[in-house]
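The values are calculated or read from the model by the stated rules, or taken from the named source; none is laboratory data. Quantities reported herein were computed from a predicted structural model and do not represent experimental measurements. Here the Cβ positions follow ideal geometry from the backbone for every residue, glycine too, while neighbour counts run over all protein chains shown. Surface areas here come from the heavy atoms of the whole protein model, side chains and all, with no ligands, DNA or RNA. Shrake-Rupley method; radii C 1.70, N 1.55, O 1.52, S 1.80 Å.
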Amino acid sequence: MSPGDVVGLRGPLGAGKTTFVRGVVRSLHGSDQAGSSPTFVFRQRYDGAPTVEHVDLYRIEDPRDLAELGLEDAFEPDRITLVEWPERGGDWLPAERIDVTIDGAGDGPRRIRVCRPG
């Protein structure tokens, strides 16, 4: 991943989307201080080179609500943006992105698929 990338993270609750984010931050910044899912605040920023934005759309019911959250700068070209539950973002997310789908949850095995939509 590199600055400007937007990555949609798909999978059921407990699939490991937040764990995936933690691994990305640890790999890029040398620290695993990327703690919890930002579900209740929608967004967490991890400063470093590059900045990593973690956006969680789980609680979004209507993509039109996203305009009110002021998340536009999370998609600046100098950062990597990881979005959990991207399907709840509708057309708000850029078409040029990477989608990571994690199948499985809990203690079971996982299957991870990576693709570029469109």
- Query: Does segment 37-51 contain at least one residue that is at pLDDT 90 or above, over 18 Å from Ser2 (Cα atoms), open to solvent by less than 70 Å² (accessible area, probe 1.4 Å) and not in a loop (DSSP other than H, G, I, E, B)?
  - Reply: no
- Message: As an exercise: evaluate Ala95 against (1) within 17 Å of Arg116 (Cβ to Cβ); (2) in contact with a helix residue (DSSP H, G or I) (Cβ under 9 Å, 6 or more places away or on another chain); (3) not hydroxyl-bearing (Ser, Thr, Tyr) and give the number of the one condition it does not meet.
- Response: (2)
- Members of segment 88-115 found to be open to solvent by 90 Å² or more (accessible area, probe 1.4 Å) and of a type outside the set (A, V, I, L, M), listed by number: Asp91, Glu96, Asp107, Pro109, Arg110, Arg111, Arg113
- Message: Against the definition (under 16 Å from Gly11 (Cα atoms), charged (D, E, K, R), surrounded by fewer than 15 Cβ atoms within 10 Å (Cβ to Cβ) and at pLDDT 90 or above), how does Glu76 come out, yes or no?
- Response: no
- Go through segment 104-118 residue by residue and tally those that are part of a loop (DSSP other than H, G, I, E, B) and more than 15 Å from Val7 (Cα to Cα). 7
- Item | Residues located in segment 72-103, provided they are in a loop (DSSP other than H, G, I, E, B) and out of contact with any strand residue (DSSP E or B) (no Cβ under 6 Å at 6 or more places or on another chain) | Glu76, Pro77, Asp78, Trp85, Leu93, Ala95, Glu96
